[in-house]
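The values are calculated or read from the model by the stated rules, or taken from the named source; none is laboratory data. Please read all numbers here as calculations on a predicted model, not as lab measurements. In this analysis, Cβ positions are derived from the backbone assuming ideal geometry, glycine residues included, and neighbour counts consider all displayed protein chains. Remember, those area values only see protein heavy atoms, side chains included, never the ligands or the DNA or RNA. Shrake-Rupley method; radii C 1.70, N 1.55, O 1.52, S 1.80 Å.
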Amino acid sequence: MNTTGVPLVEVIGLTKRYGDTLAVGGVDLTVLAGEVYGFLGPNGAGKTTTLRMLTGLIAPTAGTIKVLGGRPGSPEVLGKTGSMIESPAFYPYLSGLDNLRLLAEYAEVARARVDEVLELVDLKERARDRFSQYSLGMKQRLGVAAALLKDPELVILDEPTNGLDPAGMRDMRRLIRELGSEGRTVLLSSHLLGEVQQICDRVGIIDGGKMVAEHNVEELRGEQELVIRAQPLQAAYDVLAHILGVKVHLYDETLRVQVDPGRAAEVNRVLVEAGVAVSELHSTERALEDLFFELTTSEEKVDVG
């Protein structure tokens, strides 16, 4: 997957208010041509609201958005964009095939394209079944097929694996990886850390309506840190944070320290001299999961129960 493209989505200071409620607060976001970009955050973080503004479904309260060089929702941008926001909606009494044919006619897309996208999402054998008879996974795949009808440059998918069983999640992730390998640009939202780590080139992390990080996934995974198990845990945290002056986070009853692993002997010595019993100390590659919890946890003090 290519991450060296020009920006297709450029967002600066994007804000959305509903009365006194701040749904999205000053988001900056850039998606490059040819990449699979993961928009990651817990449920209610503002992901869907942001994607609805990117597709022109709702207007922002403040900020600027440029999609494919134009205004979200404009005819020229819609013609190059395919999207599935929230749950896909189709006529339940029509077959998947007939639903797509209606959309193709409305979008002035050749009928032959319908068969192509059904093949892409592996629904051709069930294309003549009514939509109401589809499983959740099949409904999601039909939604992706509809997003691909116009052979778009940019594909925007909102929680595409939401509610799927493990087999359905695997198939959907494979499909998204294939879209990226074909040179399409994919922007997908997710609250699943493993999903983003498996299929995305870059990730933007949103929490409480605000962007807290935007990085290359491989760079994030490649960062090293020390893992320390010690007692008393609070005393160990205080020594590391205040005496050594390093960043420390509590994760799964261990302390994760952002420091050069070459300083392990120094870290151990300082802890022991402070009366802390160290039972485990080793270096590890930081997982995206660790980073996510670090960035979305506002507590400065370790809770040791």
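Taking Asp207, is it in contact with a helix residue (DSSP H, G or I) (Cβ under 8 Å, 6 or more places away or on another chain), open to solvent by 40 Å² or more (accessible area, probe 1.4 Å) and under 22 Å from Ala45 (Cα atoms)?
On the way: in contact with a helix residue (DSSP H, G or I) (Cβ under 8 Å, 6 or more places away or on another chain): yes; open to solvent by 40 Å² or more (accessible area, probe 1.4 Å): yes; under 22 Å from Ala45 (Cα atoms): yes.
It is true that Asp207 is in contact with a helix residue (DSSP H, G or I) (Cβ under 8 Å, 6 or more places away or on another chain), open to solvent by 40 Å² or more (accessible area, probe 1.4 Å) and under 22 Å from Ala45 (Cα atoms).
I'd like to verify a number: residues in the stretch 231-260 that are closer than 11 Å to Val276 by Cα and not hydrophobic (A, V, I, L, M, F, W, C), how many?
Qualifying residue count for the region: 5.
It is to be established whether one or more residues within the stretch 258-267 are of a type in the set (Val, Ile, Thr), outside the structural domain of Asn162 (by the TED database), open to solvent by less than 60 Å² (accessible area, probe 1.4 Å) and at pLDDT below 85.
Looking through the stretch 258-267, at least one residue is of a type in the set (Val, Ile, Thr), outside the structural domain of Asn162 (by the TED database), open to solvent by less than 60 Å² (accessible area, probe 1.4 Å) and at pLDDT below 85.
Name the residue, out of Leu188, Leu226, that is over 17 Å from Thr30 (Cα atoms) and either among the polar types (S, T, N, Q) or not in a helix (DSSP H, G or I) (or both). Even if it seems obvious, please write down each step before you answer.
Details: Leu188 fails: over 17 Å from Thr30 (Cα atoms).
The conditions single out Leu226.
Name the residue that is surrounded by the fewest Cβ atoms within 10 Å (Cβ to Cβ), counting only residues in the stretch 102-161 that are part of a loop (DSSP other than H, G, I, E, B) and of a type in the set (S, T, N, Q).
Step one: list which residues in the stretch 102-161 are part of a loop (DSSP other than H, G, I, E, B), which gives 107-111, 121-123, 127-129, 134-135, 149-153, 159-161.
Okay, now just the ones that are also of a type in the set (S, T, N, Q), so 135, 161.
On the way: Ser135: 12, Thr161: 22.
Ranking the qualifying residues of the stretch 102-161, first place goes to Ser135.
Would you confirm whether any residue within the stretch 116-132 is acidic (Asp, Glu), without any contact (Cβ under 8 Å) to a residue 24 or more places away in the chain and over 29 Å from Pro75 (Cα atoms)? If you could, list the steps in order and put the result at the bottom.
First, pick out the residues of the stretch 116-132 that are acidic (Asp, Glu): 116, 119, 122, 125, 129.
After this cut, where a residue has to be without any contact (Cβ under 8 Å) to a residue 24 or more places away in the chain as well, the list is 116, 119, 125.
Those still in the list that are over 29 Å from Pro75 (Cα atoms) too: 125.
Within the stretch 116-132, one or more residues are acidic (Asp, Glu), without any contact (Cβ under 8 Å) to a residue 24 or more places away in the chain and over 29 Å from Pro75 (Cα atoms).
Count, please, the residues in the stretch 79-118 that happen to be under 27 Å from the mean Cα position of the chain (by Cα) and more than 27 Å from Gly163 (Cβ to Cβ).
2
For the stretch 231-250, check the following and say yes or no: at least one residue is open to solvent by less than 60 Å² (accessible area, probe 1.4 Å), part of a strand (DSSP E or B) and modelled with pLDDT of 90 or more.
No; the residues of the stretch 231-250 include none that is open to solvent by less than 60 Å² (accessible area, probe 1.4 Å), part of a strand (DSSP E or B) and modelled with pLDDT of 90 or more.
Could you please find all residues in the stretch 174-205 being among the polar types (S, T, N, Q) and at pLDDT 90 or above?
Just the residues of the stretch 174-205 that are among the polar types (S, T, N, Q), to begin with: 181, 185, 189-190, 197-198.
Those that are among the polar types (S, T, N, Q) and at pLDDT 90 or above: Thr185, Ser189.
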